[in-house]
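Engineer: What follows is a single structure, and I will ask about it in a moment.
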Amino acid sequence: MKKISIVLATVTVLMLSLAVQSHAQQAAHSASAKPATSDAKMTRDIKVISSAGARALADACTAWAEQNKQVVAMAIIDWGGNVIESHAMEGAPANAIDTALLKAKSALRWRRPTSETNKMVRSGENLAPTFMRDFPQPGALPIVLNNQVIGAMGVSGADGEKCAQAAMDAVFNGQATSSVR
């Protein structure tokens, strides 16, 4: 029993000394590291579409579709591709929200309307979207505010990009665009 206690005490002391030594090395390394220049910016501020903004886009798109006697489904994602809001109008096909989400993710990745990506693929100019699991079908727009992509909106059914653009215009009062300058 005495031998076990001595062994445990020795192991504990060794572990503590290693922890202290490691901490001392980290402190020395931090002290010797060059300070960042004042010109270098180590972070950036980003805008992200809020859940209230996404809900407002869904409501505005639905209102536009009803006014134009169309049935659509939509998905709104943030700049990281996370679903913030989705909605399907009464009568939309079962796969409509999935299709809208695929379109929104494609618009976000390529930072352009999916109708433009579709033209690039069809002309053979760029076939990457076909093997990158994208869905370059017309109906989605990136949401760009102050030249920063804050999300994307995909709409399945009817005039998807027109519906998304009408929603963006209504919610952001014409300040959001669908292209990065």
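What follows draws every value from the coordinates through simple rules; no lab data is involved. Fair warning: this is a prediction, and the values are worked out from it, not measured in the lab. Methodologically, a virtual Cβ is constructed for each residue, glycine included, from the backbone with ideal geometry; neighbour enumeration extends over all protein chains shown.
Engineer: At a Förster distance of 25 Å, what's the computed FRET efficiency of N68 paired with N173, Cβ-Cβ distance as r, to 0.05?
Structural biologist: On the way: r = 21 Å, r/R0 = 0.83.
With a Förster radius of 25 Å, E is 0.75.
Engineer: Go through K105/K162; K119/K162; K69/K162; K47/K119 and tell me which ones have a Cα-Cα distance over 20 Å in this structure. Mind showing how you got there, number by number?
Structural biologist: Details: K105/K162 18 Å; K119/K162 17 Å; K69/K162 13 Å; K47/K119 29 Å.
K47/K119, as the Cα separations exceed 20 Å there.
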